[in-house]
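Please treat every number below as a calculation from the coordinates, not as lab data. The model shown is predicted, which means the values in this text are computed figures rather than measured ones. Counting neighbours? That spans all protein chains shown, and the Cβs are built from the backbone with ideal geometry, glycine included.
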Protein chains: 2
Amino acid sequence: MDPQLDKLKFDSSGLVAAVIQDWQNGQVLALFWMNREAVEKTIATGKVHSYSRSRGRLALKGESSGHFEIVKELLTDCDRDALVIKVEQIAGACHEGYRSCFYRKYEPGAADWKTIADKVFDPNAVYEKK
Amino acid sequence: MDPQLDKLKFDSSGLVAAVIQDWQNGQVLALFWMNREAVEKTIATGKVHSYSRSRGRLALKGESSGHFEIVKELLTDCDRDALVIKVEQIAGACHEGYRSCFYRKYEPGAADWKTIADKVFDPNAVYEKK
């Protein structure tokens, strides 16, 4: 019933891309997919919810780790088919233990992307073994 | 022949999402789609190239406007299926005349997204009429 959500243009799979950005230092933390329900729950709870394309379900970010993303600002673009969500990130956004998922840098001539960040938490200690 | 590009995971349409970010103030300027050729040309020329899903073709950003995006840093994420490209943005990234495409803000209870930026160029003067 939110007219602003009616104006978003979800793709043929019902999704928009959402850039998660640190509200204080501007670091891009993650890129998520959201369906309409994920956007609604993100707004209603003030915590980022995403839609996992591989699992086919909605998830509260931080549900298992406690590493919630508290919404500070929600923006959309000229085409209204993408979001930027500025957040307060608890601990780290990346399930690998990094603050940001974007911890790999391209270096001309290198054989592989270079890891340019240090882990901020130990994923083995945070996530239960499956 | 670039082993770092071989490690990227393009989706079933052959694309990755690329977040374009101002290398100096961290502002998210745009979200583009890139196929492998777009990534290769972006690296080879040092200027962002994107793949237009609607037009089905590769484009040099700034080709018609002169508003090029000069690559300063290229990052990928844990899953290697998304990019962050830090750029020096000439004039503005948005074809509507704004510095960033993300110029609309969600405001609870409002009927529409609120424009929170001023135009940095006049699109009518920059783009030829079609």
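Assuming 0.890 mPa s and 25 °C, estimate D for the range A:70-130 with Stokes-Einstein, Rh taken as the Kirkwood radius over Cα pairs, in µm²/s.
After rounding, the answer is 173 µm²/s.
Shielding by partners for B:13-20, please: the mean number of other protein chain Cβ atoms within 10 Å of each residue's Cβ.
The shielding value for this peptide is 2.
Please turn the phi angles of the range A:16-27 into ³J(HN,Hα) values with the Karplus equation 6.51 cos²θ - 1.76 cosθ + 1.60 (θ = phi - 60°), one per residue in order, whole Hz, x for glycine and proline.
10, 7, 10, 8, 9, 10, 4, 5, 9, 9, x, 4
Would you kindly work out the equivalent ellipsoid of chain A from its C-alpha gyration tensor and give its semi-axes, the square roots of five times the eigenvalues, largest first in whole Å?
Equivalent ellipsoid semi-axes, largest first: 26, 18, 14 Å.
Relative contact order for chain A using alpha-carbon pairs under 8 Å, separation at least 6, rounded to a whole percent?
Reported as a whole number, the value is 21 percent.
Output the 0 to 90 degree angle, nearest 10, between the alpha-carbon long axis of helix A:36-45 and the longest principal axis computed from the alpha carbons of chain A.
80
Using the alpha carbons of the protein assembly as shown, what is the convex hull volume per residue in cubic angstrom, as a whole number?
Roughly 140 Å³ of hull volume per residue.
So what are the three principal axis dimensions of the range B:30-82 from its Cα atoms, in whole Å, longest to shortest?
Principal extents (largest minus smallest coordinate, Cα): 34, 26, 20 Å.
Over 24 Å between Cα atoms, which of A:Lys7/B:Lys119; A:Lys47/B:Lys61; A:Lys7/A:Lys105; B:Lys7/B:Lys72 qualify?
Beyond 24 Å between Cα atoms: A:Lys47/B:Lys61; A:Lys7/A:Lys105.
How many Cβ atoms of partner chains, on average, are near each residue of B:95-102 if near means within 10 Å of its Cβ?
That average works out to 4.
Nearest beta-carbon of A to the rotation axis carrying it onto B: which residue, how many whole Å?
A:Gly26, 1
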